[in-house]
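The values are calculated or read from the model by the stated rules, or taken from the named source; none is laboratory data. If you're wondering where the values come from, they're calculated on a predicted model, not measured in any experiment. Cβ atoms come from the backbone with ideal geometry, glycine included; neighbour counts cover every protein chain shown.
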């Protein structure tokens, strides 16, 4: 008779017992996990949340959306964008369908998936990073080969994947860059998502997902090296497309907030009056991305890169480090010019032409951008 119990298979450690290498909890880490960095906000929401919570959830769906979008008071916004998108994403995870966050690079797919897992399960670390070399074992399970050779297949020799641990504990699993994974490996998810079961034929058993289990995947279909999802797998997901920020003001707000958070995490000295340069970088990225100047009068060639919000954050953060350690403490155009050049010019032939044309036809004509023009031209 087939043994279909899973009680004795390896269990995941509780989220609250996670520690970093120094023996301290998340806030001492270079990049704390969301559940550690925002532990106070999550605790506050849990204490005041009186709405019904789905099985295995630490917060109600309404409180999860509040955590993501903020309440204008004690809960800071983690995502700036349409509320309805977050409501659809959260409601999907209440059902038996998995969630696929789709969008171009830099639209906060990973950020949203991490915070969703933190708010729902209190653990965002059950993560599979998809690459062209991701093997099926990373999604299903692997083996401790020393024990496997010594003892044969056994529960002690089994190495659970993050997805398996999420099934065992009734938590949210995350799968980054799903379309980077080879198609035959992607399809290992079909049984997990449709049957909520992971067979372990070597042990004549299976893992049945506990209530609260679900999966959040992220993907983009713009980059090279993308493997299309099979129709069978795509049907197991509800897809939410995350757009680029709707307005320049929204994008400036996102960049400013994330740069401030990263600066504190990296112990960068605060650099005053950075907002002007943030707005300038965002304007450059948005114009080149859309192929049109803000006033709609001039058409532009677009570079091969995506010029995402994430890249704008990187440019400003690097500029702040330059200004703080090698400048006068104020963010100047020369501090961001080289970073913008590196973000725009991915193809040294075609993108260099696009960038030079933008400098000469747009930037040069803006009287209040002359310092930026000189810095960018000399970068």
Selection count, region 299-325, where residues are in contact with a helix residue (DSSP H, G or I) (Cβ under 7 Å, 6 or more places away or on another chain) and more than 24 Å from residue 274 (Cα to Cα)
6
Note down all Cβ pairs under 7 Å where the first residue falls in region 283-298 and is in the same structural domain as residue 362 (by TED's automatic domain parsing), the second is exposed (fewer than 12 other Cβ atoms within 10 Å of the Cβ), and they're at least six residues apart or on different chains.
291/299; 292/299
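Could you list all residues from region 234-259 that are in a helix (DSSP H, G or I) and more than 21 Å from residue 286 (Cα to Cα)? First the steps, then the outcome.
Filtering region 234-259 down to residues in a helix (DSSP H, G or I) leaves 234, 248-259.
Answer for region 234-259, where residues must be in a helix (DSSP H, G or I) and more than 21 Å from residue 286 (Cα to Cα): just 234.
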Residue list for region 28-52, filter: crowded, with 16+ Cβ neighbours inside 10 Å, more than 19 Å from residue 172 (Cα to Cα) and at pLDDT below 95:
29
Condition first: touching a helix residue (DSSP H, G or I) at 6+ places or on another chain (Cβ under 7 Å), at pLDDT 95 or above, within 26 Å of residue 197 (Cβ to Cβ) and surrounded by 16 or more Cβ atoms within 10 Å (Cβ to Cβ). Can you find one or more residues in region 58-68 that meet it?
yes
Read through the list (1) under 21 Å from residue 105 (Cβ atoms); (2) surrounded by fewer than 19 Cβ atoms within 10 Å (Cβ to Cβ); (3) in contact with a helix residue (DSSP H, G or I) (Cβ under 8 Å, 6 or more places away or on another chain), then give the number of the only condition that residue 270 fails.
(1)
Could you list all residues from region 191-226 that are assigned to a loop (DSSP other than H, G, I, E, B) and either closer than 28 Å to residue 168 by Cβ or touching a strand residue (DSSP E or B) at 6+ places or on another chain (Cβ under 6 Å) (or both)?
196, 204, 209, 210, 211, 212, 213
Kindly indicate the residue of region 230-252 that is buried (at least 20 other Cβ atoms within 10 Å of the Cβ) and at pLDDT below 90 and also nearest to residue 182 (Cα to Cα) among those meeting that condition.
244
Given the structure, is residue 124 surrounded by 21 or more Cβ atoms within 10 Å (Cβ to Cβ), at pLDDT 95 or above, in contact with a strand residue (DSSP E or B) (Cβ under 8 Å, 6 or more places away or on another chain) and in a loop (DSSP other than H, G, I, E, B)?
yes
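Which members of region 86-98 meet the condition of being more than 24 Å from residue 313 (Cβ to Cβ) and in contact with a helix residue (DSSP H, G or I) (Cβ under 9 Å, 6 or more places away or on another chain)? First the steps, then the outcome.
As a first pass, look at region 86-98 and keep what is more than 24 Å from residue 313 (Cβ to Cβ): 87-88, 90-98.
Passing the criteria: 87, 90, 91, 93, 94, 96, 97, 98.
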